[in-house]
Amino acid sequence: RKLKIRPRHKRKRPPFSNDQIKTILNNPELELLGPEERWLIYAAAGTGARPSELVGLLPSDINVEADIPFISIKGRKERELKTSHSERDIPLIGPALEAFKNMPDGFGKYRDRTDQLTGGLNKFLREKGLLPTERHTLYSFRHSFQDRLLSVDAPDRVQADLMGHRFNRPEYGDGPTLEQKARWMEKAKIK
């Protein structure tokens, strides 16, 4: 029935440091992975998107040839997003742009098998000694992305829009443009 019992005290997943991310992305062991698995790690590190959002992308959601390359995370009848705020456009910068140039049609092999992908990648990263602690997982890239945005003082609205979080103020206007988001992501990218 897929029921989960929540622990009384939720343990927060730790983020990777920038150096840890560089170590993972530059590790020759990643060559042992298939292209979809390897490039998904790059996409997760560069976008902060949830693994389920990345594998749910269709080729029409990936725009690497645009003036500002980006992905569009959208809810669909057959695949709902975690929240209504999760629908968003994310510019492609650094490792994420490299990932989607190599995977312009997305990660179709795992489109309805996110758990299989994350379980396999977490096992691989753990076996290769690339996860600094037992609590680090593929999802730690998302936490790292949030920390990087915070470290460059990105405005709260930009952070919320990039992370797919609810913005806790009345929403006026259209929010940050793709160009504005790209500027903040450029400042926060892994060098």
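Only the coordinates and a few stated rules stand behind these numbers; no lab work does. Bear in mind the structure is a predicted one, so any value in this text is a computation, not a measurement. Don't worry about glycine lacking a Cβ; one is built from the backbone with ideal geometry, like all the others, and counts go over all protein chains shown.
Placing +1 at every Lys and Arg Cβ and -1 at every Asp and Glu Cβ, with all other atoms neutral, what dipole size does segment 83-149 have around its Cα centre, in debye to the nearest 20? The partial results should precede the final answer.
Numbers: 11 positive and 9 negative charges, 37 e Å.
Charge dipole of segment 83-149: 180 debye, to the nearest 20.
Within the set of other residues whose C-beta is less than 13 Å from the C-beta of Glu37, count the net charge using Lys and Arg as +1 and Asp and Glu as -1. Walk me through the numbers before you get to the answer.
On the way: positive: Arg38, Lys109, Arg113, Lys123, Lys128; negative: Glu29, Glu31, Glu36.
Once all neighbours under 13 Å are counted, the net charge is +2.
Among the trypsin sites (Lys or Arg not before Pro) within segment 107-141, which fall in a DSSP loop and have no more than 13 other Cβ atoms within 10 Å of their own Cβ? Spell out each step's value before the answer.
Numbers: sites: Lys109, Arg111, Arg113, Lys123, Arg126, Lys128, Arg135; in loops: Arg111, Arg113, Lys128, Arg135.
Of the trypsin sites (Lys or Arg not before Pro), the ones in loops of segment 107-141 whose Cβ has at most 13 other Cβ atoms within 10 Å are Arg113, Arg135.
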